[in-house]
Amino acid sequence: MNEITPNSTIGILGSGQLGRMLAQSARQMGYRVHVLSPGEDTPTGQLADVEVSAAYDDLEAVRAFAQNVDVVTYEFENVPSATAAACAEFAPLHPGPQVLHIAQNRLREKSFFAENGLPTVPFALVSCLADLQNGLADIGCPAVLKTAVSGYDGKGQVKINHPDEAEAAWQTVSEVECILEGWVTFEREVSVVGARGVDGSFTHFGVIENDHRNHILDVSKAPADVPPVVTEQAVAMIRTVLEALDVIGVLCVEFFLTAEGNLLLNEMAPRPHNSGHLTIEACVTSQFEQQLRAVCGLPLGSTEYVRPTAMANLLGDLWFDPENGAYREPDWAKVLSNPALKLHLYGKQEARVGRKMGHLTAVADTIAAAEKIVKEAREILRSA
Ligand code: AMP
């Protein structure tokens, strides 16, 4: 592939915050940006040269979009396969359709991990109640039933503590194809964001430690305080994923780390990831610039950490006064009085509880110090 050089046009499918931060990197490096999604005045569209508002299955609009760009990438993995194919008629699509096919379905994803010798929790396919009952007999309780497609941030998931709960759980997931997973007692959750270039070159941002709240990422910090052997293993595993799937672009793998120091792959996303937002301030090259470089066939940038960094998500909850529930704008000036803090807001029109509206990042001498800064600032926003 010839390089897609600055002043060319990047096409992005999906228009949320991940596309927005990719667009920021693309603009910085002199690229033009076109975005396609059903929305208008979107987080990505606000920064793009052209915002196409069309349904993903409007293949005529998708083809016209792809004709006007030099490369297509995406910020979410549920791009329909027909949309991906329509784009690929006119422009290279990275990561390719084979990656989307695996990443869109939890069963295919875990089976792919297992086939490549990568450790996961025990799992079973569930397409009827009998499958679920048999799966529970094999795997044991507690277990978690997850819809195979379209689940994110804990949506479409039911924990099962006793085999008697099978029928109710099956109804809760609306009797659609599912994966049943053994429940793992982990010590920590960690992720690795990796990238692979057109020439097969590989880079990674090391291990990032993640805390979740209500199944949504809350705080990330890096470089994570884990034994070197854990980093070595996690990096080898993501490299296996990138190479086995022939990924061109950025991909994140989320892991459970057990008390014994064992890593289990939970899931992957073939795009920049919320846990990697801190790379904007923490590293020489951010995960977004790396995605741009990879999909454009450019050399990958240095992922070296400049300093320890922490990131805290800002959910829509912060827009509601804790005392009376009234909608109000958080007091940004109050937290920005700490000069170490960086504020990212995604330009979303309306705040809703649980909606990712922005994030705070701080760099410091230690990850503990950085974490303290972002958490304290967020508490100020909550009460202010
Ligand atoms: P997921 O959508 O698969 O990332 O799940 C969301 C969150 O639920 C994870 O980040 C974990 O905190 C928790 N979780 C998911 N699967 C399991 C499991 N098999 N065992 C224990 N916790 C889990």
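The values are calculated or read from the model by the stated rules, or taken from the named source; none is laboratory data. The structure presented is a predicted model; accordingly, all values stated were derived computationally and were not measured. When we count neighbours, we look across all protein chains shown, and the Cβ atoms used for this are built from the backbone with ideal geometry, even at glycine. Each accessible area value is taken on the protein alone, full model and side chains, heavy atoms only, with ligands, DNA and RNA left out. Shrake-Rupley method; radii C 1.70, N 1.55, O 1.52, S 1.80 Å.
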Once you sort the root eigenvalues of the Cα gyration tensor of the stretch 1-89 as a ≥ b ≥ c, which label holds: rounded (a/c under 1.5), prolate (a/b larger than b/c) or oblate (the other case)?
oblate
Using a Gaussian network for the chain with springs between C-alpha atoms less than 10 Å apart, which of these wobbles most: ALA259, ALA362, ALA195?
ALA259
Which whole-number percent gives the relative contact order of the chain, counting Cα pairs below 8 Å spaced six or more residues apart?
14 percent
Tell me which GluC sites (Glu not before Pro) from the stretch 243-275 have a DSSP coil assignment and no more than 12 other beta carbons within 10 Å of their own.
GLU260
Only Lys, Arg, Asp and Glu count, each charged at its Cβ (+1, +1, -1, -1), so figure out the dipole size of the chain about its Cα centre, rounded to 20 debye.
780 debye
Cα-centre dipole for the stretch 115-169 with unit charges at Cβ (Lys and Arg positive, Asp and Glu negative), debye to 20:
180 debye
Between the DSSP loop rule and a limit of at most 10 other Cβ atoms within 10 Å, which GluC sites (Glu not before Pro) in the stretch 344-384 are left?
GLU350
P(r) of the chain in 10 Å steps, Cα pairs, percent per bin?
5, 22, 31, 27, 13, 1, 0
Sequence gap at least 6, Cα distance under 8 Å: using those rules, report the relative contact order of the stretch 247-384 to the nearest whole percent.
22 percent
May I have the pair-distance distribution P(r) for the stretch 97-172, computed from all Cα-Cα distances with 5 Å bins from 0 and rounded to whole percent?
3, 15, 24, 25, 19, 9, 4, 1, 0
Work out the charge dipole of the chain with +1 on the Cβ of Lys and Arg and -1 on the Cβ of Asp and Glu about the Cα centre, then indicate which of PRO163, THR279, GLY206 is farthest towards its positive end.
THR279
The stretch 199-350: spread of alpha-carbon positions along the three principal axes, whole Å, largest first, is 53, 40, 27
Would you mind counting up the charge near VAL250? Only other residues with Cβ under 13 Å from its Cβ, with Lys and Arg at +1 and Asp and Glu at -1.
0
Within a Cβ distance under 14 Å of TYR56, other residues only, what is the Lys/Arg minus Asp/Glu net charge?
-4
In the stretch 271-368, the trypsin sites (Lys or Arg not before Pro) that sit in a DSSP loop and have at most 13 other Cβ atoms within 10 Å of their own Cβ are ARG328, ARG352
Starting from the exponent 0.38 and prefactor 2.2 Å, build the expected Rg for the stretch 139-207 from its residue count and divide its actual Cα Rg by it.
1.53
Tell me the relative contact order for the stretch 1-129 as a rounded percent, counting alpha carbon contacts under 8 Å between residues six or more apart.
21 percent
1.4 Å probe accessible area per residue over the chain, in Å²
42 Å²
Partner lysines whose C-alpha sits under 21 Å from that of LYS372, ignoring same-chain residues fewer than 8 away, are LYS221, LYS334, LYS342, LYS356
What number comes out for the charge environment of ALA85, summing +1 per Lys or Arg and -1 per Asp or Glu over other residues with Cβ under 13 Å away?
-1
Measuring from its Cα centre, the stretch 1-55 shows a charge dipole (+1 at each Lys and Arg Cβ, -1 at each Asp and Glu Cβ) which, in debye to the nearest 20, is 140 debye
